[in-house]
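Below is one structure; the comments refer to it alone.
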Amino acid sequence: MNDRSQAWVFIVSVLAISWGFEAFIILNGGVRNFGPLWIVALMCIPGVLSIALRLILKSGFGDVGFRVGKGRYYIYAIAVPLLLALFVGLVSTAFDIRKFSPISPEQLLQITPVLLSVLGLGLIGAFGEELGWRGFLLPKMMSGGFKSPYLACALVWASWHLPLIAFGDFYQTDNPLLMALVYGLGIIAMSFVFSELRVRSGSVWIAAVAHAAHNFFFQFAFPVLLLTVPGSHSDLWDIVAGDTGLCIAVLYLATYLVFGHVLRRHRTC
């Protein structure tokens, strides 16, 4: 089976299996009735499926990107989400979406076990996804002759998320369909940066680090540790300044256009 066909088999299979899993969550009250291990399990479906397909189709693991990659790419993978989170945090405080009110050292000490759990589970889940998206799907799309493989991979990744966002009570919003649209735009923009890091570094590990760093900074570090008090416009948090809000879509797109140009000046290492 050629790489293009393998990509299509993966797309159909991962969406069918994952949407079935998401439907189970939705029909049983949404994500708030399920613990984080369920979400991590969902995140691991793309990676587990990619391994199964490689074994069944005997396509090998040569294009996964298991190489470690150069250190500078790990710096990029952490620095980009961190800098974007800092900028979004400043926007949030400037427009009174959330107020800067960091937790006390005593509180930080109390939640350290939670912090470590979030980091650990976040890395596992991020690697589970990236092993599928940019360790299997993206390289198969590129070698299989897909037009605009970055965009094609991004659209699949966004589609994979949408049932839970639109119907799974993932965000507390009165307009989940609008949130799903904004979320999709954020995911697509983010995917371009992660894909660029994966291709330029030759390492799926770096894509996983970038994915985990984004989730940690935007879903935990800033809203839970630093921007802890809702502002007068807190209803705009998810749509505008959350982990996949409008700010994310704009900033990651700008990052890809600017930062991608910088990366393209270096050879794949």
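The values are calculated or read from the model by the stated rules, or taken from the named source; none is laboratory data. Only a predicted model underlies this, so the values are computations on that prediction, with no experimental measurement involved. Ideal geometry is used to build each Cβ from the backbone, glycine not excepted, and the neighbour counts take in all protein chains shown.
Quick notes on this structure:
- In the range 167-179, the residues that are closer than 19 Å to CYS247 by Cα reach residues that are charged (D, E, K, R) and surrounded by 12 or more Cβ atoms within 10 Å (Cβ to Cβ) with C-beta atoms within less than 9 angstrom, at least six apart or across chains, in these pairs: TYR171/ASP238; GLN172/ASP238; THR173/ASP235; THR173/ASP238; PRO176/ASP169; MET179/ASP238.
- Filter pass, LEU253 being at negative phi, surrounded by fewer than 18 Cβ atoms within 10 Å (Cβ to Cβ) and assigned to a helix (DSSP H, G or I): yes
- Residue in the range 198-212 that is touching a residue at least 60 places away in the same chain (Cβ under 8 Å) and under 22 Å from PRO176 (Cα atoms) present: no
Residues are listed down the side, and each one gets a yes or a no for (1) among the polar types (S, T, N, Q); (2) farther than 30 Å from SER104 by Cα:
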| position | (1), (2) |
| --- | --- |
| SER159 | yes, yes |
| SER195 | yes, yes |
| ARG198 | no, yes |
| VAL209 | no, no |
| SER232 | yes, no |
| ASP238 | no, no |
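- No other residue among GLY89, GLY69, GLY60 is surrounded by 13 or more Cβ atoms within 10 Å (Cβ to Cβ), on the phi > 0 side of the Ramachandran plot, over 15 Å from the mean Cα position of the chain (by Cα) and not charged (D, E, K, R) apart from GLY69.
- For GLY186, the requirement of being modelled with pLDDT under 95 and not acidic (Asp, Glu) is not met.
- Residue-level check: of (1) buried (at least 18 other Cβ atoms within 10 Å of the Cβ); (2) under 27 Å from ILE206 (Cα atoms); (3) within 21 Å of the chain's Cα centre (by Cα), LEU37 misses just (1).
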